[in-house]
Amino acid sequence: MNISIISDLLKVSILTLSFFITFAVKISASEEVLEDSSVVEEPKEESVILNEVQKVKNEDKLQSTKKPNKRTPLGYVERLELYPEKLFFDAKLTPGSEGNVLHAEDIEIFKKNTKEWIRFKVTDRKGKSALIKRKLNGKSTFRTTSGEVKRRYSIKSGFCLDDKYMEVIFSLDDRSDFEQEVRIGRDALAGHFLIDPAKTKTTDPHCKIDFLEKNNKK
């Protein structure tokens, strides 16, 4: 075989081999790029996290713009109206003490439909006297400072203070020695009123009648 022909064949073989090597390298590089592109998902996850953070910030901002529950400022002594009898009493508002107390005289326990009820007499600030009857809510005993054991009864009753109507448990007691016939404690005041000890009798009870009638029918 001619030497020149052999030389030409070698050149062709080398060129062919180089072509295949180059093609194989390009395919390998493409696969690496594809693998890298399928792995890179972190920016998307980071975006989701940022969106969640922004959502929380927006919710916090919305909460901060909401108005807090409005609490009515009152003096430490105010006039209230007892329902449904519509009796007017002076009430001492004492957020530092628990429970509510209503003045009562001539207390008697009686039965009504096999249930214990209680009746007592009161006279309001306008001179109106009334015999109040309520279902007995509870009774307890306590010892006075002199050592005497006494029994105390409680009832549930509605009243109007400023423009707010509520129903609470009252302990019945003889408050003849006190200036106010009623004491309202923190269980009724909390969340509704702010008490200013420097003021007194800043408002009169003025609840909506239709609202009161609806509650008294329950």
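The table below lists the values:
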| item | result |
| --- | --- |
| Candidates Arg71, Arg125, filtered to the one that is basic (Lys, Arg), at pLDDT 95 or above and surrounded by 10 or more Cβ atoms within 10 Å (Cβ to Cβ) | Arg125 |
| Strands (runs of 3 or more DSSP E) contained entirely in segment 100-157, each with at least 1 residues that are of a type in the set (S, T, N, Q) and touching a residue at least 60 places away in the same chain (Cβ under 8 Å) | 100-103 |
| Positions within segment 177-204 being aliphatic (A, V, I, L, M), surrounded by 14 or more Cβ atoms within 10 Å (Cβ to Cβ), within 26 Å of the chain's Cα centre (by Cα) and in a strand (DSSP E or B), in sequence order | Ile184, Ile195 |
| Residue match in segment 136-159 (condition: aromatic (Phe, Trp, Tyr), within 22 Å of Cys207 (Cβ to Cβ) and within 36 Å of the chain's Cα centre (by Cα)) | yes |
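The values are calculated or read from the model by the stated rules, or taken from the named source; none is laboratory data. Every value quoted in this text rests on a predicted model; they were computed, and no experiment measured them. As a convention, Cβ positions derive from the backbone with ideal geometry for all residues, glycine included, and neighbour counts pool all protein chains shown.
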